[in-house]
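Below is one structure, written out as structure tokens; comments come after it.
The values are calculated or read from the model by the stated rules, or taken from the named source; none is laboratory data. Please read these numbers as outputs of a predicted model, since none were measured by experiment. When we count neighbours, we look across all protein chains shown, and the Cβ atoms used for this are built from the backbone with ideal geometry, even at glycine. Remember, those area values only see protein heavy atoms, side chains included, never the ligands or the DNA or RNA. Shrake-Rupley method; radii C 1.70, N 1.55, O 1.52, S 1.80 Å.
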Amino acid sequence: MAQDFRQRFSSTRRGARLARRLARAQLDLWGVPFDCPLSDDVGLVVGELAANAVLHGRVPGRDFELRMRYDGRENVRVMVSDADGDAAPPPEPVPVDPWSAEGGRGLRLVAAVAREWGVSARHPGKTVWAEVGPGQCRAGRPGIGMNLGVDGQNPPSQGT
């Protein structure tokens, strides 16, 4: 059964950071633990798309929206909408020195992690979406917070 998440965030760096954190927390509520590669991939995609919405799609006084749809089988559709009227994200030039440049890699990372991604028009603005999954985990397995040892028991404490 498909499950949906929808939330608006302020078009600020703080809003983008919160979107990434809440996306991973929502996946955990859906049974996809934080230590799962699917959670990592969705977190990266949400972080990049939200940052683009804040840096390139920001319209003063308007929020951006994050929507996610989880199909229950380790596939997540991420959709980030902003109010900017440009039909497509700005082109990202190849940085002269890719290791020192601050920008220019976001959509390349999304393309590397997502099965596919694209842009849909909406009024006002646009929605950039990405299909992520399948992940390499099973819903319901122990998450990082459980910290289970090899035999399924809690590991011995480290030192005294």
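Of these, Gly104, Gly85, Gly72, which one is in a loop (DSSP other than H, G, I, E, B), modelled with pLDDT under 90, within 20 Å of Gln3 (Cβ to Cβ) and of a type in the set (Gly, Ala, Ser)? Can you show your working first?
On the way: Gly104 fails: within 20 Å of Gln3 (Cβ to Cβ); Gly85 fails: within 20 Å of Gln3 (Cβ to Cβ).
Sole residue among the options that is in a loop (DSSP other than H, G, I, E, B), modelled with pLDDT under 90, within 20 Å of Gln3 (Cβ to Cβ) and of a type in the set (Gly, Ala, Ser): Gly72.
For Leu22, are the conditions met, namely being within 10 Å of the chain's Cα centre (by Cα) and surrounded by fewer than 20 Cβ atoms within 10 Å (Cβ to Cβ)?
yes
Within the range 1-40, restricting attention to residues that are of a type in the set (D, E, K, R) and in a helix (DSSP H, G or I), which residue is farthest from Leu55 (Cα to Cα)? Explain how you work it out, then say what you get.
The first filter runs over the range 1-40 and keeps only residues of a type in the set (D, E, K, R), leaving 4, 6, 8, 13-14, 17, 20-21, 24, 28, 35, 40.
Okay, now just the ones that are also in a helix (DSSP H, G or I), so 13-14, 17, 20-21, 24, 28, 40.
Values: Arg13: 8, Arg14: 12, Arg17: 13, Arg20: 15, Arg21: 18, Arg24: 22, Asp28: 28, Asp40: 22 Å.
Here the residue is Asp28.
Of the residues Phe34, Phe64, which single one is surrounded by fewer than 19 Cβ atoms within 10 Å (Cβ to Cβ), of a type in the set (Phe, Trp, Tyr) and in contact (Cβ under 8 Å) with a residue 40 or more places away in the chain?
Numbers: Phe64 fails: surrounded by fewer than 19 Cβ atoms within 10 Å (Cβ to Cβ).
Among Phe34, Phe64, only Phe34 is surrounded by fewer than 19 Cβ atoms within 10 Å (Cβ to Cβ), of a type in the set (Phe, Trp, Tyr) and in contact (Cβ under 8 Å) with a residue 40 or more places away in the chain.
Counting only residues that are in contact with a helix residue (DSSP H, G or I) (Cβ under 8 Å, 6 or more places away or on another chain) and farther than 13 Å from Leu22 by Cα, which one in the range 46-55 is most open to solvent (accessible area, probe 1.4 Å)? It would help to see each step written out before you state the result.
Just the residues of the range 46-55 that are in contact with a helix residue (DSSP H, G or I) (Cβ under 8 Å, 6 or more places away or on another chain), to begin with: 46-54.
Right, trim to farther than 13 Å from Leu22 by Cα and you get 48-49, 51-54.
Details: Glu48: 50, Leu49: 7, Ala51: 31, Asn52: 28, Ala53: 3, Val54: 14 Å².
Within the range 46-55, the match that is most open to solvent (accessible area, probe 1.4 Å) is Glu48.
Identify, by number, the condition in (1) modelled with pLDDT of 65 or more; (2) farther than 25 Å from Gly31 by Cα that Val113 doesn't meet.
(2)
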